[in-house]
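See below for the structure under consideration.
The values are calculated or read from the model by the stated rules, or taken from the named source; none is laboratory data. Predicted model, so just to flag it, every value in this text is computed and none were measured. Virtual Cβ from ideal backbone geometry, glycine too; neighbours counted across all protein chains shown. Ligands, DNA and RNA are excluded from the accessible area calculation, which covers all protein heavy atoms including side chains. Shrake-Rupley method; radii C 1.70, N 1.55, O 1.52, S 1.80 Å.
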Amino acid sequence: MNSLLKGSGLVAVLAVAIVAPLVVTSRYDLGVLQLALINALLVLGFNYTVGFTRRLSLGHVGFFAIGAYASALLTTKHDVSPLLAMLAGVLVASVAALVVSVLTNGLHAHYLTLATLGFGVIVQVVATNWIDVTGGSNGVVGIPVPTAFGIELAEPEQQYYLALVVLAIGAALMARFRATKLGRQASALRQSERAAESLGIRTDRLKTLTLVLSAAYGAVAGSLYAHTYGYVAPDVFSFALMLTVLAMLVVGGPGTIAGPILGAVILTYLPEMARVGDKYWQLIYGVLLFVMVLWAPKGLAGLASSALSLVRRPRGRRAARPTTEAVTG
Amino acid sequence: MNALETRALTLRYGGVTALEDVDLTVRPHTIHALIGPNGAGKTSLLNVCSGATAATSGTVTVGGRTRRARRPSDVARCGLARTFQNLQLFAEATVLENVLVGAEAQNGVGPLASMLGTPRARRAGRAAREAALEAIEFVGLAGEREHVAGALPYGKQRLLEIARALATDPAVLLLDEPGAGFNPQEKQQLADLVRAIRDRGAAVLLVEHDMPLVMGVADRISVLDFGHLIAEGTPAEVANDPAVVDAYLGADATEGVA
């Protein structure tokens, strides 16, 4: 019953996502939709570390930048195909994640956060100052449109569907990850690293695996970004973006799959509304962040699932009913 | 071949010596109790044996394997499992999920095979599930399989930790004060469970404060005092050892009289 409900929910969301570009009329709105999908993929990757293992690794935008620059530079300067350029970006980002992971696996809490934050800063500094290669703060322009099976996807609608397919694959892979031994081990690591180690789980390898996976998603998102906008520059990959990605994950629901996507879509839209619309949108945006963190720490996805279980079956399979026969010490 | 062996094990924190030259041997199919006054170094010894703390010098051998172990997971893979004095459950997961994590932790299925769901990974998954269900049944939590671990009563949480450790199929199981907070009846059940674990094939190293429980269940007892092993033997031998009576039981007895 529950899976049936989930299934129909998934179909409904997919239907909306497929129809959306047909309904949306302005080029601008379509652009926001595209950005929402790219952000969703970026946040989904961030979910592997911060959502599943709850290790607050704040270098994620650095991987996004590596993917974007790999695509930008290889396609404009070396005539590499967009697909190959994307794969190269994924490879470079994964190697970078491996190095970051080996250096930071032993760190926890704010030490981990600061060290990985440093990685994001390094990437941005390199992009700004290695002018011969990256073009410095002017960035790279004239990045070609993406291709799929040899077809150039010049229309925004086509690019939207490309991003949607990539996002769906990313979500499906993540669902698989979560349902297997890997997902259970990541969850174990989040809840007690000591216990996970004591059972023989190689937590250092698990940390590396999740960081590499998150970097790969980030790099693919970066590649899509570069080909969609045709332009990358260092100021895109700022600490402010890192905070936005974090907010998207927290508002959506860390550790879930629908949550990061939902959070990314909503927090891509809200600032746009704040920009073009009523000034009160900005206030609503701020208040929403505040309220979510204080009263819905499991995010929108958490709210939705508790609302569902309240309505549908007050005594769910996993309902934590404390047994009455108390054990006295 | 011994289940667990320490040789000349020494642990110092700055100027403080927590363990000095400890030679401890836990034989297979044995319940071996480790006792000693508070601060004697019992938990330090468990932490060094399980790889959580690095020894200053000396060696630990688990199941005859002296492979260089640098992390607790390496030691676990040599066949050592443990429980924690302050419970370390996966509190948000169900009982079954907790034990399943233990059962599949060392089954050798890699990330890729796991993601692809290869036939071998699926077989291993089924085997792990069976092992987990068996371990849950063994400690008597079959009725709570789908309960969330954090919502279980305290005593059952302790049993769950034992089940999770057993699911790794260890050669030696370290129990750190498993009876803390138990009433006499529960302690009796615990004693039966510890015997059943031994009869199932694992050696048990038991750290416990409850003397009647230790005397009733242990095959061998080692006594630790100020980081030194001061006695080792059967419960009767240890109880009559003057050094032990002085260091431990004597002090208790005097307190009892006073």
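Can you pull out every residue in segment A:40-67 that is in a helix (DSSP H, G or I) and open to solvent by 20 Å² or more (accessible area, probe 1.4 Å)? Outline the logic, then answer.
Keep residues of segment A:40-67 that are in a helix (DSSP H, G or I), which gives A:40-53, A:60-67.
Correct list: A:I66 only.
When the test is whether a residue is open to solvent by 20 Å² or more (accessible area, probe 1.4 Å) and part of a loop (DSSP other than H, G, I, E, B), B:N47 does not pass it.
Taking into account only those residues within segment A:186-210 that are under 30 Å from A:L14 (Cβ atoms) and open to solvent by 20 Å² or more (accessible area, probe 1.4 Å), which is farthest from the other protein chains (Cβ to nearest Cβ)? Let's see the steps before the verdict.
From segment A:186-210, those under 30 Å from A:L14 (Cβ atoms) are A:186-187, A:190, A:209-210; that's our starting set.
Going one step further and asking which of them are open to solvent by 20 Å² or more (accessible area, probe 1.4 Å), we end up with A:187, A:190, A:209.
Values: A:S187: 6, A:R190: 9, A:L209: 6 Å.
Here the residue is A:R190.
Look at (1) at pLDDT below 95; (2) within 17 Å of A:G299 (Cβ to Cβ) and you find that A:A40 fails only one, number (1).
Limited to segment A:103-115, what total is found for residues that are of a type in the set (S, T, Y) and in contact (Cβ under 8 Å) with a residue 60 or more places away in the chain?
Taking segment A:103-115 and keeping what is of a type in the set (S, T, Y), we get A:104, A:111, A:113.
From what's left, in contact (Cβ under 8 Å) with a residue 60 or more places away in the chain: none.
Of the residues in that region, 0 qualify.
B:G216 meets all of the listed conditions (1) open to solvent by 30 Å² or more (accessible area, probe 1.4 Å); (2) touching a Gly at 6+ places or on another chain (Cβ under 9 Å); (3) free of Cβ contacts under 8 Å to residues at least 60 places away in the same chain but one, namely (2). Condition first: under 22 Å from A:R54 (Cβ atoms), open to solvent by less than 30 Å² (accessible area, probe 1.4 Å), over 18 Å from the mean Cα position of the chain (by Cα) and of a type in the set (A, V, I, L, M). Now tell me which residues in segment A:74-122 satisfy that. A:V100, A:L112 - these are the residues of segment A:74-122 that are under 22 Å from A:R54 (Cβ atoms), open to solvent by less than 30 Å² (accessible area, probe 1.4 Å), over 18 Å from the mean Cα position of the chain (by Cα) and of a type in the set (A, V, I, L, M). Taking (1) modelled with pLDDT under 95; (2) within 22 Å of A:E197 (Cβ to Cβ); (3) of a type in the set (A, V, I, L, M, F, W, C) in turn, A:A97 satisfies each apart from (1). Against the list (1) touching a residue at least 40 places away in the same chain (Cβ under 8 Å); (2) open to solvent by 10 Å² or more (accessible area, probe 1.4 Å); (3) part of a strand (DSSP E or B), the condition B:L11 fails is (2).
Would you mind finding the one in B:A149, B:A128, B:A135 that is touching a residue at least 12 places away in the same chain (Cβ under 8 Å), buried (at least 22 other Cβ atoms within 10 Å of the Cβ) and more than 11 Å from chain A (Cβ to nearest Cβ)? Write out each step before concluding.
On the way: B:A149 fails: more than 11 Å from chain A (Cβ to nearest Cβ); B:A128 fails: more than 11 Å from chain A (Cβ to nearest Cβ).
Result of the check over B:A149, B:A128, B:A135: B:A135.
Of all residues in segment A:126-155, those being free of Cβ contacts under 8 Å to residues at least 40 places away in the same chain and open to solvent by 70 Å² or more (accessible area, probe 1.4 Å) number 9.
Which residue is nearest to the other protein chains (Cβ to nearest Cβ), if the candidates are limited to segment A:172-185 and must be within 19 Å of A:G7 (Cβ to Cβ) and surrounded by fewer than 19 Cβ atoms within 10 Å (Cβ to Cβ)? Let's see the steps before the verdict.
To start, the set of residues in segment A:172-185 that are within 19 Å of A:G7 (Cβ to Cβ) comprises A:172-176, A:178-179.
With surrounded by fewer than 19 Cβ atoms within 10 Å (Cβ to Cβ) added as a condition, the list becomes A:172-173, A:175-176, A:179.
Details: A:A172: 11, A:L173: 8, A:A175: 11, A:R176: 6, A:A179: 10 Å.
Here the residue is A:R176.
Yes/no per residue for (1) open to solvent by 30 Å² or more (accessible area, probe 1.4 Å); (2) farther than 24 Å from A:A17 by Cα:
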| position | (1), (2) |
| --- | --- |
| A:V245 | no, no |
| A:Y285 | yes, no |
| A:G299 | no, no |
| A:V311 | yes, yes |
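What are the residue pairs meeting all of these: first residue in segment A:228-246, first residue in contact (Cβ under 8 Å) with a residue 24 or more places away in the chain, second residue open to solvent by 40 Å² or more (accessible area, probe 1.4 Å) and among the hydroxyl-bearing types (S, T, Y), Cβ atoms under 8 Å, and 6 or more apart or on different chains? Pairs found: A:A233/A:S137; A:P234/A:T128; A:P234/A:S137; A:D235/A:S137.
Out of segment B:14-25, which residues are aliphatic (A, V, I, L, M) and without any contact (Cβ under 8 Å) to a residue 60 or more places away in the chain?
Going through segment B:14-25, the residues aliphatic (A, V, I, L, M) turn out to be B:16, B:18-19, B:22, B:24.
Of everything in segment B:14-25, just one residue is aliphatic (A, V, I, L, M) and without any contact (Cβ under 8 Å) to a residue 60 or more places away in the chain, namely B:V16.
Right, B:A142: more than 11 Å from chain A (Cβ to nearest Cβ) and within 25 Å of B:E92 (Cβ to Cβ) or not? For B:A142, the condition - more than 11 Å from chain A (Cβ to nearest Cβ) and within 25 Å of B:E92 (Cβ to Cβ) - is met. When A:Y217, A:Y269, A:Y285 are checked against the criterion of being away from chain B (no Cβ under 14 Å) and without any contact (Cβ under 8 Å) to a residue 24 or more places away in the chain, A:Y285 stands alone in meeting it.
Looking only at residues in segment B:90-109 that are open to solvent by less than 30 Å² (accessible area, probe 1.4 Å) and more than 7 Å from chain A (Cβ to nearest Cβ), the one that is nearest to A:R205 (Cα to Cα) is B:A103. Are any of the residues in segment B:51-64 within 16 Å of A:I201 (Cα to Cα), in contact with a Leu (Cβ under 7 Å, 6 or more places away or on another chain) and within 10 Å of chain A (Cβ to nearest Cβ)? For segment B:51-64, residues within 16 Å of A:I201 (Cα to Cα), in contact with a Leu (Cβ under 7 Å, 6 or more places away or on another chain) and within 10 Å of chain A (Cβ to nearest Cβ): absent. Within segment A:262-283, being open to solvent by 40 Å² or more (accessible area, probe 1.4 Å) and in a helix (DSSP H, G or I) holds for A:L262, A:V265, A:I266, A:Y269, A:P271, A:M273, A:R275, A:V276, A:Y280, A:W281, A:Q282, A:L283. Applying the condition of being touching a residue at least 60 places away in the same chain (Cβ under 8 Å), part of a loop (DSSP other than H, G, I, E, B) and facing chain A (nearest Cβ under 10 Å) to segment B:152-180 and asking which residue is surrounded by the fewest Cβ atoms within 10 Å (Cβ to Cβ) yields B:A180. In summary, B:R200 fulfils each of the numbered conditions (1) modelled with pLDDT under 95; (2) under 23 Å from A:G200 (Cα atoms); (3) within 13 Å of another protein chain (Cβ to nearest Cβ) with the single exception of condition (3).
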